[in-house]
Amino acid sequence: MKDSAAANAGKFQDPHFTASGERRAHVALSQPQTLWFNTGTLCNIECANCYIASSPTNDALVYITEEEVAEYLDQIADRAWPIREIAFTGGEPFMNPQIIDMTRAALARGYKVLILTNAMRPMMRATMQDGLRALERDFPGQMTLRISVDHWSETLHDVERGVGAFARTIEGMEWLRDAGIRMAVAGRTVWGETEADGRAGYAALYARHRFQIDADDPGATVLFPEMDETVDVPEITTACWSILGKSPSGVMCASSRMVVKRKGAARPAVLACTLLPYAPEFELGHTLADAERDVPLNHPHCAKFCVLGGASCSA
Ligand code: SF4
Ligand code: SF4
C-alpha cells in the first residue's frame with residue numbers, strides 16, 4: 001500500500017501555493033455555527049479505523065474540564081459568534097468525568113448540544129445515566145446523542161469494533177430511547193453496498209428496536225466515507241470553487257472550530273476543524289479570536305472530504 005507521502009509527493013507543502021504553483025484555496029470563518037470540544041482521546045474500545053486513533057491508552061488529547069469549556073463559552077459571547085450548537089466528541093465523551101457538567105454549561109446558555117458516543121459502558125454508568133436524565137428533564141429536546149453504529153448488521157459492526165460491541169451499543173440505545181433522549185446515528189460506507197441499501201438496513205434496525213431515528217435523513221443517519229490518506233488527491237486552488245460550482249462557505253471550517261487539550265499543554269488550543277486533530281498547521285491558537293483567521297486547504301482531507309466529495313476538478 002502507498003503511504004500518504006508517496007501518494008501525494010510534493011503536494012500539500014506550501015500553505016499559499018500548490019505544487020504546480022497555483023494559488024491554494026483558503027476558507028474564511030464566515031458563519032461560526034458549531035463549536036466542538038474534544039473531551040479527550042481515551043476510549044473504552046479500540047476500533048479498527050478510528051480516525052483519531054482513540055483507545056484505552058491514547059491520551060494524546062487529555063480530558064478537557066468544565067471550567068475550560070465555560071471559558072470558551074464566554075469567548076463565544078465576547079466575540080458575538082452566532083453559534084447555535086455545542087458539540088462534544090472524543091474518544092468516548094462519557095469517559096470524561098465532567099461531561100455532564102460541560103453539557104449543562106452549554107445547555108444553560110441556550111445552545112443545542114450534540115454528543116458523539118458509542119453508548120456503551122461509560123455512558124451506562126449510573127452517574128452518567130442520572131446526569132443524562134437530569135439534563136433531559138431540565139432542557140427537554142435540546143440534546144442529541146449521535147451513536148456510532150458502523151453498520152446496521154451486528155456482524156459488520158463487530159468487525160470494526162470487536163465481538164459483542166453491537167449488542168452493548170443497542171442496549172445503550174434502548175436505554176436512551178426509554179429515557180426519551182433524542183438520538184442520531186453515525187455509520188460508515190465502506191461495506192460496498194449502495195446508500196439506498198444501507199439506509200434500508202438502518203430503517204429495519206430502528207423499526208425492530210422502536211428507535212425514533214429517520215434512516216433517510218442524512219442529518220439523522222449520517223453515513224461517513226472512510227478517511228484514507230494514502231489516496232492520490234488533487235490540490236484545491238482558488239479556481240476550483242467556480243469550476244466545481246461550490247462555495248467556500250459550504251466547507252466545515254467556514255462554520256466550525258474544535259477546542260482540544262493536548263497532553264502536557266498548559267491550556268487548550270483551537271483547531272480549524274474536527275478532521276485534523278494532529279496536524280500542527282491546523283492549530284490556530286489558544287483563543288477564539290486567534291481562530292478567526294482563514295484556513296489554507298493544505299491537507300489531502302480538505303480536498304477529498306470537504307471540497308471534491310467524489311467530484312473532480314481537473315483544471
Ligand atoms: S468508539 Fe469512536 S472514538 Fe472510540 S475507538 Fe471507536 S471510533 Fe474511535
Ligand atoms: S479538512 Fe480542511 S477543508 Fe475540511 S474542514 Fe478541515 S481544514 Fe477545512
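Could you tell me the center-to-center distance, by alpha carbons, between the stretch 103-148 and the stretch 270-289 in angstrom? Their Cα centres are 25 Å away from one another. Under the convention that each Lys and Arg Cβ holds +1 and each Asp and Glu Cβ holds -1, the size of the dipole of the chain around its Cα centre is about 400 debye.
The modelled label-to-label distance between Thr238 and Leu223, using points 7 Å beyond Cα along the C-beta direction, is 3.8 nm. Placing dummy labels 7 Å off each Cα toward the beta-carbon, the span from Ala196 to Ala108 is 5.0 nm. Each DSSP beta bridge with both residues in the chain is either parallel or antiparallel, and the antiparallel ones are about 25%.
For the peptides 174-184, 64-74, residues were scored by their other Cβ atoms within 10 Å and the scores averaged per peptide; the highest-first order is 64-74, 174-184. To the nearest 10 degrees, how steep is helix 165-179 against the longest Cα principal axis of the chain, on a 0 to 90 scale? Taking Cα atoms only, the helix is inclined about 70 degrees.
Taking all Cα pairs closer than 8 Å and separated by 6 or more residues, the relative contact order of the chain comes to 25 percent. Counting only DSSP H runs of at least 4 residues, each contributing -39500 (n - 2.57), and dividing by the residue count of the chain, the helix-based mean residue ellipticity at 222 nm comes to -8000 deg cm²/dmol. The stretch between Thr230 and Asp14 holds 75.8 nm of extra length on full extension. This uses 0.36 nm per residue minus the Cα-Cα distance. Listed by chain and number, the aspartates and glutamates placed with their C-alpha closer than 12 angstrom to that of Lys304 are Glu226, Asp228, Glu229, Asp232, Glu235; residues fewer than eight positions away on the same chain are left out.
Taken together, the values in this text are just the output of simple stated rules run on the coordinates, not laboratory data. As the structure is a computational prediction, the values presented were derived from the model and not from experiment. Don't worry about glycine lacking a Cβ; one is built from the backbone with ideal geometry, like all the others, and counts go over all protein chains shown.
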